[in-house]
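See structure below.
The values are calculated or read from the model by the stated rules, or taken from the named source; none is laboratory data. These numbers were taken from a predicted model, which means no experiment stands behind them. Glycine gets a Cβ as well: all are built from the backbone with ideal geometry, and neighbour counts include every protein chain shown. What goes into the accessible areas is simple: the full protein's heavy atoms, side chains included, and nothing from ligands, DNA or RNA. Shrake-Rupley method; radii C 1.70, N 1.55, O 1.52, S 1.80 Å.
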Amino acid sequence: SCGGSESADKGDQAPAQGFKVASHNAEIEGNPYRVVYENQLLEAIEGYKADGIVSEFASFTSNNDSAVESQQVEQTINDGYDLIMINPIAATGLDPVIAKAKEAGITYINADCVYNSNDIINVTVDQEAWARINVEWAVETLGSGSKIVLFNGIDGNSASELRKAVYHEVCDKNNVEIVKEFAHGWDDTQAQQQMAQIISSGVKFDGIVNQEGANGIMNAIEEAKIPYPGCITSSEEVRWIRKAAAINEKELVMPFIIVENPPGIGATALAVGLNLLQGHKLDDSKLAEWNNIKYTPSWIMTYDNMGEKLDSIKDLPDSTSVSSYMSLDEARAAYFVD
Amino acid sequence: MFKMHGITKRFDAVVALNEASFEVEPGEIRALLGSNGSGKSTLVKVLSGLVNPNAGKIEFDDMPVQIHNAQDSRKLGIAVAYQDLSLIQSMSVMDNIVLGMEPKGALGIINRKQAYVQAKEILARLKIDCRPEDLVQNLAPSLQSMIEVAKAISQKPRLLLLDEVTASLHHDEVDILFETLKELKKEGAAIVIVTHRMEEIFKICDNCTILKGGETVARGKMSEMDLNEIVYHMTGKRPDADARGVCSDQNENMDQGEPVLEVKNLVLLPKVKDISVTGHKGEIIGIGGLEGQGQSEFIRTLLGAHKPSSGEIIYKGVSEKFKSPAQAIKKEMGFVSGDRNKEAVFPIRSVAENIFAGKTTKGRMFGYLGPKEINRFAKETVEEFNIKVGSLKHPANSLSGGNQQKLVVGRWIALAPKLLLLDDPTKGVDINSRREIHKILKKCTEEGMTVMISSSDNAELLEIADRIYIFYEGRVSAMLAGENRTEEKLVAAMMGLTSCEGGAEISG
Amino acid sequence: MVNNNKLKQFVRDNQIGMALIISAALFTVNIAINPASLNANTFGSIIALTLLLSFASAGQTMIMITGGIDLSVGAVMSMAAIFTANTMAGQEGMMPLVLVQVIPMALIVGLINGVGVVKLKLPAMVITMCVSNVVTRLQYVYTQGLPTGTTSKFFTQTLQHRFFGFIPAMSLYAVVIFIAVLYLLNRSRFGQQLFLTGNNKNAAYLAGIRKDTVEILAYVIGSLLAGVAGIIGAGYMNFVICQSLDSYTMMSIVAVVVGGTLLIGGKGSYLGTAAGALLIIVLGNCLSVLNSSDSVRSIIMGGVLILLLALYNKEKPIRQ
Amino acid sequence: MDRVDQKMIERFESFRRAPAFTGFVLFSLVLLLNIGLQGPQNFFTASNFGLLLEKNTPLILVTMAQAMLMLLGMIDISIGVQLSLVNVIAIMLPQELGVPWPVAWALGILAVMAIAAINGFFVAYMRIPSLLSSFAMIYIVKGINVIIMSKPQGTVPEVVWRTYSKEIGGMIPITFVIVLIIFLFWIYLKKTDYMKHVYAVGGNERNAYASGINPARVKMKAFLIAGFITGIAGLCLTAMSASGNPLMGEAYGLKSIAACILGGIALSGGWGTMSCALFGSGFLVLIQSSVYYLFKQLYVLIPGFQVTTYWQNLVSDSIILLGLVATIFTAQTQRAAFKNGIKKQLKGGERLGE
Ligand SMILES: Nc1ncnc2c1ncn2[C@@H]1O[C@H](COP(=O)(O)OP(=O)(O)OP(=O)(O)O)[C@@H](O)[C@H]1O
Ligand SMILES: Nc1ncnc2c1ncn2[C@@H]1O[C@H](COP(=O)(O)OP(=O)(O)OP(=O)(O)O)[C@@H](O)[C@H]1O
Ligand SMILES: [Mg+2]
Ligand SMILES: [Mg+2]
């Protein structure tokens, strides 16, 4: 893990006045997931600032323009930030910039969406594992020979494509037919429209495998007053959790699974980065391909543990997602040798 | 030498040309005549490649030719000066003149020096007072027309077509043009002139071809024709005995009653420098002068389209400062522009809507206005003013030019304004339609309307106006009334010679 | 030959009819490919989505008749939707409060657009695009990017409910909006002035029409209609995030253009727009029947659009 | 002395009348702002210029391509997805089919020119308004992009992206040379009759036709030229990001149009030069960077100042809106200059007459 070792010596002198941290984000606007990512990052930063660990924090978004993205990262390199965190547009496209950061001796952490480079540290949610939990549950619930409707995120997007591959693989293996496949862009409006089209196309399906956008899908189903699907998967928006619980309040009418894809991964990555700056050494055994620290989802809600999970989020407003992140010490305990 | 026959062109329902034929020889100047909408421009455009005929044959030097586009036409040695110009406003005079046949050097790079010389030469030949590098958009309309001609002539054409180019030219410019045409004729070019100004035809043309309703109805030598005969072929009617009579007797009560309009020392720089004019009830006030002496600006200022720098406008006894035409029109003014395409007609809206346009403003903005009301009003107007329309529902651009103009005049007269302003309303309108418009105006004044009409046509002014103000360089150089309304005095005043008696009347 | 000409004439002069015919044809193809899709839900969802799109396109129709274009429709709708969901927050009886926020917002946006286009003479496409960006950014500053509350149950019911299983309750709103827009365009002085101004601004001015006022009003009313469409959109989806209705900008333009309104202004109709909206929704529905990837669907969509445009919005040739 | 002054004044007057004046004023203002916020010592460095150019050459070039079309009164909002098309071809051909990358890159340019030609065909020969036609093209090209490359991936040889961000002799960025070459190409074009025809068709299509010009062919050529420049821009984007992403460029469509307008090119055609495109895109680039430095200053100046990035976006989009509004003031001085010109001409006429 090259990124870590290089900044190690530098970190020992710096903490007195705190580190300068820059966060880059491909997009925030239009993506509720990234909004929570950003908010939790800010929340964590407040704490680190109070403790004097971080002295300066700046946040940038490139609105999915890779030219702007690499310009902003390079500007922060030139401006002497100690830690650069990025949730990138794509798994590639920043090699030139990473080379510069490395030359400048800056700690460069890539969060959330994996970036394919051995010169940096990745801290990501294991998308394949996430997708597998979802789809394997769905296949098990519906049984072999059943039919599903599949919703992807954005065709051409890394995370979306990773998940899509797993969905197809598992479905094929278990003889489950994908009767319709759409990409709703993680957007409830589009999801609602597409679901309406699917319903009116009269196609028969047993269940829905989906990622976010579940509220839009349910809107279409309720508007058309068709029976609830045999199963539905989605991620951890609080509004959806409550909706799913409400539907199944009296008895199980619609099997569902909610698997966390915690946006707090950003703040966790920040904790990893700060540990590196403080001179701690990563546990190489925890690293997957591309120096990837993979977070495997553990917050999983189904009908069986519905009450308990609902209880644990009763203070959260509808508009957020279930999400947590690691503190500095938790991260050190989890991923570092010392 | 140049022959076309059996040319037919239909625009949807309108038959613009119906088996028309036409021919012209090298060394000949031929007039192409016909009333508005008879198909002259269409015929010219068939030759220039702008119109694709439905049927017909064209022969050049006894060889059949096909003209698919403007390039083909140019290659055959045809050059056209269009009625509505073909200049690019945002480009320089030089670029315009050489456009499409730029002198080129290596790698397709334009030889600017040669182009400059070429432009300079043709400008000098036509005595056009501008520099090759001036932008066309900054030039006066008459200069632009001359440049349109220059552009055509500089192609050294074998066949030169001039479509109503003299309509916006000054006398002296027309003279220069005719001189040049005579030279070209000697050099063996064939020249075709389209115009509504009859005196010009007799001055310069050798022969003429007359179109009526898209058909060629007559051709002959100018020396063997007279005006009556031409008008007969154009209209199918012998000119009425009263053609001149209607308008000739003067309105006796013009000085009675208080003035409807009193303009005192109006200034709108740079064009209008100091103008005072009075108009009485039931009077036709003419405004004359060379083009571009401030007439248009003056009329538009009265209407509130421009804000005067100083001076006073007293209208119906009240000193008014209109901020927009909307305000003036609310107070019962009306305005007819001669520039149909730009300022008067709504080409793709229906005839009915066009007629109703002035009336849409009378009433609450969000009040009810249904098609029944529009159609009833339009129907009455069409009948009253004898406008030839296929259907009230057809778009206005399906009418011929003259009828479009009658439509615009009708639009206003039907509203019975107290003061009707007309800016060169009969430009490019054929004799017959023109007379009808005059009749209408005359009738309106009898009912108490005041009419103020500017015109580039002296004969028209002398014929219909009770009093004529002549503008020169933004001032009134003379006011002619009664006996004084003679051609000589008018022309003298147009040249700025104010020493005649007419001038004295202003101060009086 | 004659028949051929008549057909051409019909195609050109009956945009509404053609849009309906093509919609019907597409729908037939749809059913032929997939007979299962002939059901009440199909009609219900097609009608509902068509109505929503035609609400969103009402203002666009007016603006395009003046020869302008409004790229801020989607942003205004999203902003209005956010106000709606945020204010209602699941409670009943908040509609007046929603209107108190949405109307001034839409007025201001419309006014900036209108003044920018008419008085400052900026190209409509560019000024409305920039305004749209700013409105979008304001949504984020206002909500901090998070999804906002929920619309009231009753309001959502008035939109989602289906009479007889296929007539969406939204049709009740449609009655009001259609009557209002049709009155404005076809039965009022304003409408008449709008068409004339769109066709020839100079002539309109000299005929005493207050063309600037008329044109600015078009932008303002257009923006207000977008605001209303946003409120309805929020109710239909019952909760909202930033930019959720943005896609309606482009969809509205396509609906208006396919409905026969000329891009250069002066000609157009709201019924045409509604037919255009239907055509687009049916096309989307038809594509969803095809079992292909999104990319292939996207390519087909583009191809069909080009064909429709070649049919409807062809400019006149220079050589006649 | 006086004559020199006179000449200077005349030069300035004629510059005020030139299309690029608007863009120049806006660009200068935001340039000053940027220098002020960044500090001259940081701004005037080779590496800063290198950075700005390297990252924004795709935008600059795409704006130039858009300008070429806009001079004819056309726009292409699909120009953004065309950028991505070059990108996916340049990456996927070597990766999947083993095509040598120079060949693949050339094919990328050709592919975009083909797309431009198709769009041009619809606009020039089928006479579909360019806004609508290119809108439909977005769907088509986007679909193709994702079919060619399903997700972001791939790399370009390191030597390529290393070279791309190099400065010749430590001073002149490679990207500057690229932009310069395209600009020289434009200067050459401007001297040809073709460019005159472009202005003529942009100014008034019917009149250009009547003058023996074939507007459809002129438009078609413009699409090909724009396609070529877009192709180069796509390669720059590829070299800059050193990888492929099928969704990368879409925003460039509308952005390049805004840049052209801000630079002073008339959407209606016939008015503008390539300098306008440079100033306009420069304006957008510097806004981006100014807002970056503005907020950096705020973080330093105001302790505890912490806002979300929403504010940065709001500020930059608001400045762009203001910039747009500001173009009318420059247009006003331009109009005044025109009037002066007319008056002079009238006076000149008088002198001749005497
Ligand atoms: N583009 C067009 N579309 C429809 N009708 C047209 C078109 N051009 C000409 N026409 C019609 O064809 C007929 C002949 O028109 P044309 O312009 O040739 O007449 P003209 O003899 O030049 O008349 P004027 O003296 O008024 O210029 C008219 O009825 C006119 O309305
Ligand atoms: N003052 C002007 N008025 C009208 N049009 C102009 C003016 N200046 C330039 N143009 C138009 O722009 C075109 C190119 O202008 P010009 O040669 O002045 O540009 P330039 O400043 O040399 O451009 P660049 O240096 O960017 O290549 C001209 O052919 C003309 O149509
Ligand atoms: Mg004519
Ligand atoms: Mg220059």
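Looking at B:GLY39, B:GLY100, which is the one that is over 30 Å from B:ILE128 (Cβ atoms), away from ligand 4 (no atom under 16 Å from the Cβ) and not charged (D, E, K, R)?
Within the list B:GLY39, B:GLY100, the selection yields B:GLY39.
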Odd one out for B:ILE97 among (1) within 14 Å of another protein chain (Cβ to nearest Cβ); (2) touching a strand residue (DSSP E or B) at 6+ places or on another chain (Cβ under 7 Å); (3) more than 14 Å from ligand 1 (Cβ to nearest atom) | (2)
Mind checking whether some residue in region D:251-269 is of a type outside the set (D, E, K, R), open to solvent by 10 Å² or more (accessible area, probe 1.4 Å) and in contact with a Phe, Trp or Tyr (Cβ under 6 Å, 6 or more places away or on another chain)?
-> no
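Name the residue that is surrounded by the most Cβ atoms within 10 Å (Cβ to Cβ), counting only residues in region B:38-59 that are assigned to a helix (DSSP H, G or I) and more than 10 Å from ligand 1 (Cβ to nearest atom).
Kept after step one, since they are assigned to a helix (DSSP H, G or I), are these residues of region B:38-59: B:40-48.
Add one more test, that the residue is more than 10 Å from ligand 1 (Cβ to nearest atom), and what stays is B:47-48.
Numbers: B:LEU47: 22, B:SER48: 26.
Selected residue: B:SER48.
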Can you tell me which of C:THR261, C:THR273 is farther than 24 Å from C:THR42 by Cα, under 20 Å from the mean Cα position of the chain (by Cα) and crowded, with 24+ Cβ neighbours inside 10 Å?
-> C:THR261
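Quick check: is even one residue across region B:154-164 within 16 Å of ligand 3 (Cβ to nearest atom), assigned to a loop (DSSP other than H, G, I, E, B) and out of contact with any Lys or Arg (no Cβ under 6 Å at 6 or more places or on another chain)? Steps first, answer last, please.
So in region B:154-164, the residues within 16 Å of ligand 3 (Cβ to nearest atom) come out as B:161-164.
Now drop any that are not assigned to a loop (DSSP other than H, G, I, E, B), which leaves B:164.
Now drop any that are not out of contact with any Lys or Arg (no Cβ under 6 Å at 6 or more places or on another chain), which leaves B:164.
Yes - at least one qualifying residue is present in region B:154-164.
Determine whether region C:132-141 contains at least one residue that is within 14 Å of chain A (Cβ to nearest Cβ) and small (Gly, Ala, Ser). Break it down stepwise before answering.
Of all residues in region C:132-141, those within 14 Å of chain A (Cβ to nearest Cβ) come to C:132-141.
Cutting the leftovers down to small (Gly, Ala, Ser) gives us C:132.
Scanning region C:132-141 turns up at least one residue that is within 14 Å of chain A (Cβ to nearest Cβ) and small (Gly, Ala, Ser).
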The listed residue being closer than 30 Å to A:ASN39 by Cβ, assigned to a helix (DSSP H, G or I) and either within 16 Å of ligand 4 (Cβ to nearest atom) or under 12 Å from the mean Cα position of the chain (by Cα) (or both), out of D:LYS296, D:LYS255 = D:LYS255
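Given the criteria away from chain C (no Cβ under 14 Å) and open to solvent by 20 Å² or more (accessible area, probe 1.4 Å), does A:ASN122 qualify?
Values: away from chain C (no Cβ under 14 Å): yes; open to solvent by 20 Å² or more (accessible area, probe 1.4 Å): no.
Here the answer is no, as A:ASN122 does not meet what is asked.
Restricting to region B:2-37, give me the number of residues that are on the phi > 0 side of the Ramachandran plot, more than 8 Å from ligand 1 (Cβ to nearest atom) and either surrounded by 15 or more Cβ atoms within 10 Å (Cβ to Cβ) or within 25 Å of the chain's Cα centre (by Cα) (or both).
The first filter runs over region B:2-37 and keeps only residues on the phi > 0 side of the Ramachandran plot, leaving B:6, B:12, B:19, B:27, B:34, B:37.
Within this subset, residues satisfying the condition of being more than 8 Å from ligand 1 (Cβ to nearest atom) are B:6, B:19, B:27.
With either surrounded by 15 or more Cβ atoms within 10 Å (Cβ to Cβ) or within 25 Å of the chain's Cα centre (by Cα) (or both) added as a condition, the list becomes B:27.
Total satisfying the criteria: 1.
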Are any residues in region B:165-199 within 16 Å of ligand 1 (Cβ to nearest atom) and in contact with a Lys or Arg (Cβ under 8 Å, 6 or more places away or on another chain), and if so, which ones?
-> B:THR166, B:ALA167, B:SER168, B:VAL192, B:ILE193, B:VAL194
Taking strands (runs of 3 or more DSSP E) that fall entirely within region B:254-328, which contain at least 1 residues that are over 24 Å from B:LYS442 (Cβ atoms)?
-> B:259-268, B:272-280, B:310-315
Restricting the search to region A:190-209, which residues are facing chain C (nearest Cβ under 7 Å) and over 25 Å from the mean Cα position of the chain (by Cα)?
-> A:ALA196, A:GLN197, A:ILE198, A:ILE199, A:SER200, A:SER201, A:GLY202, A:VAL203
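Grab the helices (runs of 4 or more DSSP H) fully contained in region D:153-225, keeping just those with 2 or more residues being open to solvent by 30 Å² or more (accessible area, probe 1.4 Å) and in contact with an Asp or Glu (Cβ under 9 Å, 6 or more places away or on another chain). Steps first, answer last, please.
Details: elements: D:158-164, D:174-191, D:193-203, D:205-210.
The qualifying helices (runs of 4 or more DSSP H) are D:174-191, D:193-203.
One line per residue, one yes/no per condition, for (1) under 28 Å from B:ILE348 (Cα atoms); (2) not β-branched (Val, Ile, Thr):
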position	(1), (2)
C:GLU215	yes, yes
C:ILE232	no, no
C:TYR248	no, yes
C:LEU263	yes, yes
C:ASN285	no, yes
C:SER298	no, yes
C:LEU309	yes, yes
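Would you confirm whether or not region C:30-41 contains a residue that is open to solvent by less than 10 Å² (accessible area, probe 1.4 Å), within 14 Å of another protein chain (Cβ to nearest Cβ) and within 30 Å of A:LYS225 (Cα to Cα)? Walk me through it before giving the result.
Just the residues of region C:30-41 that are open to solvent by less than 10 Å² (accessible area, probe 1.4 Å), to begin with: C:30, C:37.
Now drop any that are not within 14 Å of another protein chain (Cβ to nearest Cβ), which leaves C:30, C:37.
From what is left, the residues that are within 30 Å of A:LYS225 (Cα to Cα) are C:30, C:37.
For region C:30-41, residues open to solvent by less than 10 Å² (accessible area, probe 1.4 Å), within 14 Å of another protein chain (Cβ to nearest Cβ) and within 30 Å of A:LYS225 (Cα to Cα): present.
Restricting to region B:350-386, count the residues that are open to solvent by less than 30 Å² (accessible area, probe 1.4 Å) and of a type outside the set (Val, Ile, Thr).
The initial filter retains those residues of region B:350-386 that are open to solvent by less than 30 Å² (accessible area, probe 1.4 Å), namely B:350-358, B:360, B:367, B:369-370, B:374, B:377-378, B:381-382, B:385.
Restricting the remaining residues to those that are of a type outside the set (Val, Ile, Thr) gives B:350, B:352-354, B:356-358, B:367, B:369-370, B:377-378, B:385.
Counting residues in region B:350-386 that are open to solvent by less than 30 Å² (accessible area, probe 1.4 Å) and of a type outside the set (Val, Ile, Thr) gives 13.
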Only one of (1) away from chain D (no Cβ under 12 Å); (2) open to solvent by less than 20 Å² (accessible area, probe 1.4 Å); (3) at pLDDT 85 or above fails for A:ASP51. Which number is that?
-> (2)
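Can you give me the ranges of the helices (runs of 4 or more DSSP H) entirely in region C:141-239 with at least 1 residues that are under 22 Å from the mean Cα position of the chain (by Cα)? Write out each step before concluding.
On the way: elements: C:153-160, C:170-186, C:189-199, C:201-206, C:211-237.
Correct list: C:153-160, C:170-186, C:189-199, C:211-237.
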Return the residue satisfying two criteria in turn: it lies in region D:281-308 and is within 12 Å of chain C (Cβ to nearest Cβ) and under 15 Å from A:VAL21 (Cα atoms), and of such residues it is surrounded by the fewest Cβ atoms within 10 Å (Cβ to Cβ).
-> D:VAL307
Answer from A:SER312, A:SER285 - the residue that is among the hydroxyl-bearing types (Ser, Thr, Tyr), at pLDDT 85 or above and exposed (fewer than 11 other Cβ atoms within 10 Å of the Cβ) = A:SER285
Residue count for region D:123-139, restricted to those that are touching an Asp or Glu at 6+ places or on another chain (Cβ under 7 Å), polar (S, T, N, Q) and within 7 Å of chain C (Cβ to nearest Cβ) | 0
Out of (1) in contact with a Pro (Cβ under 9 Å, 6 or more places away or on another chain); (2) within 16 Å of ligand 3 (Cβ to nearest atom); (3) open to solvent by 80 Å² or more (accessible area, probe 1.4 Å), the odd one out for B:LYS212 is which?
-> (1)
Given the structure, is D:LEU247 more than 7 Å from every other protein chain (Cβ to nearest Cβ) and open to solvent by 10 Å² or more (accessible area, probe 1.4 Å)?
-> no
Within region B:407-440, which residues are open to solvent by less than 20 Å² (accessible area, probe 1.4 Å) and at pLDDT below 85?
-> B:THR426, B:GLY428, B:VAL429, B:ASP430, B:SER433
Filter result for the condition that a residue is surrounded by fewer than 20 Cβ atoms within 10 Å (Cβ to Cβ) and not in a strand (DSSP E or B), over A:GLU69, A:GLU38, A:GLU43 = A:GLU43
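Can you give me the number of residues within region D:6-24 that are open to solvent by 60 Å² or more (accessible area, probe 1.4 Å) and touching a helix residue (DSSP H, G or I) at 6+ places or on another chain (Cβ under 8 Å)? Steps first, answer last, please.
Going residue by residue through region D:6-24, those that are open to solvent by 60 Å² or more (accessible area, probe 1.4 Å) are D:6-12, D:14-15, D:17, D:24.
From the residues that got through so far, the ones that are touching a helix residue (DSSP H, G or I) at 6+ places or on another chain (Cβ under 8 Å) too are D:15, D:17, D:24.
The number of residues fulfilling the criteria is 3.
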